[in-house]
Every structure is written in C-alpha cells, then in structure tokens.
Amino acid sequence: MQTPAMTAELDWSSLISAAIAIRKRAYAPYSGFAVGAAVQTAGGQVFVGCNVENASYGLSLCAERSAIVQAVSAGQRDLIAIAVAASPLATPCGACRQFIAEFGQQIRIAAVDPAVPAIVRQWSISDLLPECFRFDGPPVAQR
C-alpha cells in the first residue's frame with residue numbers, strides 16, 4: 001500500500017451520492033439486488049462501480065470490487081473510504097471485505113439504503129474483517 005504525502009478530506013455526502021447514482025447502472029437480472037459503490041483515494045479522487053451479475057453466479061462482480069478495480073486501473077491504490085448503496089442496506093460480502101483489506105486496514109466503509117438515505121452505518125475494514133488473510137511470503141516479483 002502506498003503512503004500518501006497528504007490525505008484529502010473525506011466527503012461522505014458526495015461519496016454516498018456517487019454510490020447511490022451508480023447503483024442505477026447495476027446489471028442484476030437474476031437477483032434483482034442492485035448495488036452501487038464509490039471509493040475515495042487519499043488524493044481526493046472518486047471511482048465508482050456497480051454489481052454486474054452473470055448467469056454463472058460465481059462470475060458475477062460486486063460493486064465494491066468494481067469500484068476498486070476502476071481506481072487501481074487509474075493507478076490509484078491509496079484508498080481511504082468506500083460507500084456502498086443497496087436496498088435493503090448491506091455490508092460488503094466476505095470476498096469484498098478481503099479485497100478491500102488488500103488496500104489497507106484503516107479504510108472506512110459506509111453503507112446506506114437509498115430508500116432511507118438518512119441512516120448511514122460506518123465501520124473500518126478491520127471492524128468487518130478483523131483477521132484478514134495476509135500473504136507473508138516474498139513479493140510476487142521475487143518468486
């Protein structure tokens with residue numbers, strides 16, 4: 001994980017709004033459970049993603065991972081927060097929790113139900129996944 005020289009102010013309102021907005025683009029024909037996510041980097045950039053289902057359920061992509069992939073694809077790995085919008089309110093699944101933890105144990109998470117946007121629950125990823133898997137072997141480039 002990169003250690004940024006400066007950390008942007010966290011703007012939960014904008015991050016939650018972005019997650020709610022991108023949720024409308026979700027492709028969820030099988031479950032009907034549309035999810036949107038927005039991640040913020042330490043530099044203040046925001047990246048969004050929505051869930052994309054597949055008839056072979058295991059190939060589906062969650063909104064949280066979709067947003068993180070957008071950030072990483074843009075060269076950003078210094079994630080500080082992620083907002084998740086789903087109705088009913090939902091926390092990241094286990095796979096997403098591990099995926100988020102890859103980028104730092106202090107990443108903040110907010111969950112909101114767009115039908116009741118005044119209620120927002122918050123955690124750090126270490127709250128949701130206190131004993132995440134860590135690979136302690138040599139860096140991939142050295143194997």
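Some notes on this structure:
- Neighbour net charge for Gly44 - beta-carbon separation under 9 angstrom, K R +1, D E -1: -2
- GNM flexibility winner over the chain from Arg23, Arg77, Arg121 (Cα, springs under 10 Å): Arg121
- Long-range HN-HN contacts of Ala81 with modeled amide H, under 5 Å: Gln40, Arg108
- Couplings 3J(HN,Hα) of region 75-92, computed from phi: x, 9, 10, 8, 7, 10, 7, 9, 10, 10, 10, 8, 10, x, 3, 9, 8, x Hz, in residue order, whole Hz [Karplus 6.51 cos²θ - 1.76 cosθ + 1.60, θ = phi - 60°; x for Gly and Pro].
- Annotation: per residue accessible area for region 31-93 equals 38 Å², rounded to a whole number [probe 1.4 Å, protein chains only].
- Beta bridge orientation in the chain: antiparallel %, DSSP, nearest 5: 75 percent
- Along the chain, longest interval not containing exposed GluC sites (Glu not before Pro), exposed being DSSP loop plus at most 16 other Cβ atoms within 10 Å: 10-130
- Solvent-accessible area, 1.4 Å probe, carbon plus sulfur percent, for region 15-143: 55 percent
- According to the Cα-based calculation, Rg over Rh for region 70-126 is 1.00, with Rh computed by the Kirkwood formula.
- Helix 12-23 axis, angle to the chain major axis (alpha carbon atoms, nearest 10°): 60 degrees
The values are calculated or read from the model by the stated rules, or taken from the named source; none is laboratory data. Predicted, not measured: the structure shown is a model, and the values here were computed from it. Heads up, the Cβs are rebuilt from the backbone with ideal geometry, glycines too, and the neighbour counts pull from every protein chain shown. Remember, those area values only see protein heavy atoms, side chains included, never the ligands or the DNA or RNA. Shrake-Rupley method; radii C 1.70, N 1.55, O 1.52, S 1.80 Å.
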